[in-house]
Amino acid sequence: MSPNNSSVEFLKLQEKYLLNFNSKLKLLDEHFVAKDFSSIANHFHKFKGNGLTYGFKPITDIAIIVDKHYKQKSPDFEKWARIGLALIKQILP
């Protein structure tokens, strides 16, 4: 059975998402060095929505936890963000 056009298009969107995602991960690394927690939180907030949209539910699940810690002004936000980043790097191809 051959894939239909919509599934082929979705795979193309996923591929583009992953290419862009790698540059976002590099930016996140830079934000950690600069201790720019607001920018880190902003990235995770976006991951929360777009992970599921592009078929990467684990990214959304991780981002939900990190985003929650930021919104609650958790003193452990940096720790959770670092854990989240490490997990995301492990799940992506």
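The values are calculated or read from the model by the stated rules, or taken from the named source; none is laboratory data. The structure presented is a predicted model; accordingly, all values stated were derived computationally and were not measured. Don't worry about glycine lacking a Cβ; one is built from the backbone with ideal geometry, like all the others, and counts go over all protein chains shown. Surface accessibility is based on the protein's heavy atoms, side chains included, excluding ligands, DNA and RNA. Shrake-Rupley method; radii C 1.70, N 1.55, O 1.52, S 1.80 Å.
So for each of 72-85, 53-66 I average, over its residues, the number of other beta carbons within 10 Å; can you give me the resulting order with the highest mean first? Please report the intermediate quantities before stating the final value.
On the way: 72-85: 15.0, 53-66: 17.4.
Final packing ranking: 53-66, 72-85.
Taking the solvent-accessible surface of protein heavy atoms with a 1.4 Å probe, what is the per residue accessible area of the chain in Å²? Walk me through the numbers before you get to the answer.
Working: 6150 Å² over 93 residues.
For the chain, the solvent-accessible area averages 66 Å² per residue.
Which percent of the accessible area of the stretch 1-86 is formed by carbon and sulfur heavy atoms (probe 1.4 angstrom)?
Roughly 60 percent, rounded to a whole number.
State, as an integer percentage, the relative contact order of the chain based on alpha-carbon contacts under 8 Å between residues 6 or more apart.
Reported relative contact order: 21 percent.
Using only DSSP helix segments of four residues or longer, with each worth -39500 (n - 2.57), what per-residue ellipticity at 222 nm results for the chain after dividing by its residue count and rounding to 500?
-28500 deg cm²/dmol
Using 0.36 nm per residue, how much length does the chain from Asn42 to Asn20 gain when fully extended, once their Cα-Cα distance is taken away?
Contour length minus the Cα-Cα distance gives 6.3 nm.
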